[in-house]
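Following: one structure in structure tokens, then a few remarks.
The values are calculated or read from the model by the stated rules, or taken from the named source; none is laboratory data. Note that this is a predicted model, so its numbers are computed, not measured. Neighbour counts are summed over all protein chains in view; Cβ atoms, including those assigned to glycine, are modelled from backbone coordinates with ideal geometry. Remember, those area values only see protein heavy atoms, side chains included, never the ligands or the DNA or RNA. Shrake-Rupley method; radii C 1.70, N 1.55, O 1.52, S 1.80 Å.
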Amino acid sequence: MASIEVAKKESTPPPWMRRFFTLWAGQAFSLLGSALVQWALMFWVAVTTASPLDLAIAGAMGLLPQVFLSPFAGAYVDRHDRKKVMLFADLLTALGTLILMLLFVAQAIALWHIFIVMFFRSAMQAFHWPAMQASTALMVPKDHLARITGLNQSVMGLTSIMGPALGAFLYVALPMYLVLGMDVVTAAMAITALLV
């Protein structure tokens, strides 16, 4: 009987692992959803406008906020509740995407809508990723931290590779509002994981 209890204890993951991987799974899906939607929006701009200038502006809107806000975002995250930062970043990103989705459904979309939402999403990402990294350091024991940090970096690498491919596939296969819906769904998964 004692050997069965010992075996159960050994097979049960430690509490930090359950907490961390619940959070990690939600955030990994959210990152993938955000990456594929960002690329799908880029493809939409490229195909719809056929303008290199518009495509360059869209790229800048999706990148510059992270470049300029990251130094301040890191300091902000260090002083505030990381869970709330991730929660609000996911929630506001989903809200921006939902507004864009409704504009596509209503066929009232304009290029400037895309630019504003891409800028806003990028700004939220500037706060989200430092909060995720800081949470990892707080949730994971030091002897596992190097492996888990490597896992985080692998997720970022995979989303960088899979985002363009999935974004292109979904852009061709689905109406744009359904592609945007993917980001809302993955953000909801991340928010649920944070609340759990």
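In this simple spin-label model, placing a label point 7 Å from the Cα along the Cα-to-Cβ direction at both Asp78 and Val105 gives a separation of 4.3 nm. Placing dummy labels 7 Å off each Cα toward the beta-carbon, the span from Arg19 to Leu64 is 4.1 nm. Give the accessible area for Ser160 in Å² (nearest 10); use a 1.4 Å probe, count only protein heavy atoms, and leave out ligands, DNA and RNA. In the full protein context, Ser160 sits at about 80 Å². Computed packing ranks the peptides 138-146, 55-63 as 55-63, 138-146, most packed first, by mean other Cβ atoms within 10 Å.
Within the accessible area of segment 92-160, the carbon and sulfur atoms contribute 73%, probe 1.4 Å, all protein chains present.
Counted by Cβ distance under 14 Å from Phe120, the other residues give a net charge of -1, where Lys and Arg count +1 and Asp and Glu count -1. Shown here: Cα extents along the principal axes in Å, derived from the displayed model; of the candidates (i) 69, 37, 26; (ii) 49, 39, 33; (iii) 50, 33, 31, it corresponds to (i).
In a reduced charge model with +1 at each Lys and Arg Cβ and -1 at each Asp and Glu Cβ, the chain shows a dipole moment near 440 debye about its Cα centre. Taking all protein chains as shown and a probe of 1.4 angstrom, Trp129 keeps an accessible surface of around 40 Å². Using the 1.4 Å probe convention, the accessible area of the chain works out to 55 Å² per residue with neighbouring protein chains retained. Scanning the chain for long hydrophobic helices, with DSSP H runs required to stretch 27 angstrom or more by C-alpha along their axis and to average at least 0.0 on the Kyte-Doolittle scale, returns 15-49, 52-79, 82-105, 111-139, 142-173, 176-195.
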